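For reference, the structure is listed below as structure tokens.
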Amino acid sequence: MEYYELHPETPQLRFINKAIEVLKDGGIIIYPTDTVYGIGCDIFNKEALDRIFALKADASSKLLSFVCPDLKDISSYAKVSDYAYKTMKKLLPGPFTFILPASKEVPKKLWSKRKTVGIRVPNHVIALTIVKELGHPIISSSVTNRAGEVLTDPLEIRTLFEGSVDLMLSAGHLSGTPSSVVDLSSEVPEIIRIGAGDVSLFVA
């Protein structure tokens with residue numbers, strides 16, 4: 001596995017470009033977000049998606065979210081109501097995963113049983129630069145150990161995933177608190193998970 005240490009606020013673009021090359025070649029990367037480290041690939045590469053499903057034993061039973069660069073891009077992959085748009089405009093980029101009805105652009109492997117998808121626009125320059133330059137969303141699945149515990153130490157992550165991931169971009173220790181998950185697929189928002197994001201907007 002290629003391993004690069006980046007400055008979290010002014011990351012070296014040459015290392016991000018290496019990650020993009022790996023993604024374009026169908027590889028898997030580990031990268032930092034505004035909450036935890038994510039393991040991801042280009043959502044349109046079937047072979048890479050299969051590798052992530054194999055790595056994440058619980059992936060087939062859970063909703064895998066993905067990173068978009070901005071609100072405009074979200075509308076290409078999900079059906080966004082006026083309410084959902086106004087809500088996301090207030091909170092993104094930020095530590096939230098929003099569940100929305102999937103569009104036909106999204107591979108069905110990433111749909112939930114309710115035909116929804118999870119969308120992230122993290123407030124982190126590395127993750128956003130990757131998807132902007134790649135031109136496609138990437139999977140956003142928390143890096144965990146075999147017990148399902150979120151890992152925050154880059155060196156521990158490197159040791160555990162050596163040989164199974166192609167490249168890792170390290171930005172030091174992260175918070176370890178995952179994103180808040182809010183379902184905006186219907187007229188009434190539903191808080192699925194309380195995490196790093198402030199969900200008070202959705203509490204009556």
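The values are calculated or read from the model by the stated rules, or taken from the named source; none is laboratory data. Keep in mind that this is a model prediction, so the values were computed, not measured. All Cβ positions, even for glycine, are placed from backbone atoms using ideal geometry, and neighbour counts span all protein chains on display.
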Which residues, taken from the range 124-151, are outside any loop (DSSP other than H, G, I, E, B) and modelled with pLDDT of 95 or more? Val125, Ile126, Ala127, Leu128, Thr129, Ile130, Val131, Lys132, Glu133, Leu134, Ile138
I want to confirm something. Restricting to the range 1-39 and keeping residues that are of a type in the set (Val, Ile, Thr) and touching a Cys at 6+ places or on another chain (Cβ under 8 Å), which single residue is nearest to Ser175 (Cα to Cα)? Ile29
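Going by the structure shown, is Ala127 over 15 Å from Ile29 (Cα atoms) and either out of contact with any helix residue (DSSP H, G or I) (no Cβ under 7 Å at 6 or more places or on another chain) or among the polar types (S, T, N, Q) (or both)? Outline the logic, then answer.
Values: over 15 Å from Ile29 (Cα atoms): no; either out of contact with any helix residue (DSSP H, G or I) (no Cβ under 7 Å at 6 or more places or on another chain) or among the polar types (S, T, N, Q) (or both): yes.
So Ala127 fails the test.
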Which is assigned to a loop (DSSP other than H, G, I, E, B) and in contact with a Lys or Arg (Cβ under 7 Å, 6 or more places away or on another chain), of Pro69, Pro101? Pro69
Just for the range 107-123: of the residues that are modelled with pLDDT of 90 or more and in contact with a strand residue (DSSP E or B) (Cβ under 6 Å, 6 or more places away or on another chain), which one is farthest from Ile74 (Cα to Cα)? Lys115
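Within the range 162-192, restricting attention to residues that are of a type in the set (Val, Ile, Thr) and surrounded by fewer than 22 Cβ atoms within 10 Å (Cβ to Cβ), which residue is farthest from Thr144 (Cα to Cα)? Don't jump to the end; show me each part of the working.
Looking only at the range 162-192, we keep the residues that are of a type in the set (Val, Ile, Thr), and these are 165, 177, 181-182, 188, 191-192.
Subset that is surrounded by fewer than 22 Cβ atoms within 10 Å (Cβ to Cβ): 177, 181, 188, 191-192.
Working: Thr177: 12, Val181: 18, Val188: 31, Ile191: 23, Ile192: 20 Å.
This residue is Val188.
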Out of the residues in the range 193-204 that are of a type in the set (A, V, I, L, M, F, W, C) and part of a loop (DSSP other than H, G, I, E, B), state the one that is surrounded by the fewest Cβ atoms within 10 Å (Cβ to Cβ). Ala204
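Out of Asp153, Asp82, Asp166, report the one residue that is closer than 23 Å to Val199 by Cβ, more than 15 Å from the chain's Cα centre (by Cα) and among the acidic types (Asp, Glu). Before the answer, list the steps.
Numbers: Asp153 fails: closer than 23 Å to Val199 by Cβ; Asp166 fails: closer than 23 Å to Val199 by Cβ.
Among Asp153, Asp82, Asp166, only Asp82 is closer than 23 Å to Val199 by Cβ, more than 15 Å from the chain's Cα centre (by Cα) and among the acidic types (Asp, Glu).
Given Asp50, Asp25, Asp34, which one is surrounded by 14 or more Cβ atoms within 10 Å (Cβ to Cβ) and acidic (Asp, Glu)? It would help to see each step written out before you state the result.
Numbers: Asp50 fails: surrounded by 14 or more Cβ atoms within 10 Å (Cβ to Cβ); Asp25 fails: surrounded by 14 or more Cβ atoms within 10 Å (Cβ to Cβ).
Result: Asp34 is the single residue among Asp50, Asp25, Asp34 that is surrounded by 14 or more Cβ atoms within 10 Å (Cβ to Cβ) and acidic (Asp, Glu).
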Yes/no for Pro93 being touching a Leu at 6+ places or on another chain (Cβ under 8 Å) and assigned to a loop (DSSP other than H, G, I, E, B): yes
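Do we find a residue being touching a Gly at 6+ places or on another chain (Cβ under 8 Å) and either at pLDDT 90 or above or among the hydrophobic types (A, V, I, L, M, F, W, C) (or both) anywhere in the range 66-85?
Of the range 66-85, the ones touching a Gly at 6+ places or on another chain (Cβ under 8 Å) are 66-67.
The next check asks that each one be either at pLDDT 90 or above or among the hydrophobic types (A, V, I, L, M, F, W, C) (or both); those that pass are 66-67.
Within the range 66-85 (the criterion being touching a Gly at 6+ places or on another chain (Cβ under 8 Å) and either at pLDDT 90 or above or among the hydrophobic types (A, V, I, L, M, F, W, C) (or both)), the answer is yes, since at least one residue qualifies.
Mind telling me which of the residues Lys72, Lys18, Lys56, Lys46 ends up being of a type in the set (D, E, K, R) and touching an Asp or Glu at 6+ places or on another chain (Cβ under 7 Å)? Explain how you work it out, then say what you get.
Details: Lys72 fails: touching an Asp or Glu at 6+ places or on another chain (Cβ under 7 Å); Lys56 fails: touching an Asp or Glu at 6+ places or on another chain (Cβ under 7 Å); Lys46 fails: touching an Asp or Glu at 6+ places or on another chain (Cβ under 7 Å).
Only one candidate passes the filter, namely Lys18.
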Cβ pairs under 8 Å, 6+ apart, first in the range 152-176 and assigned to a loop (DSSP other than H, G, I, E, B), second among the aromatic types (Phe, Trp, Tyr) and at pLDDT 95 or above: Thr152/Tyr37; Leu174/Tyr37
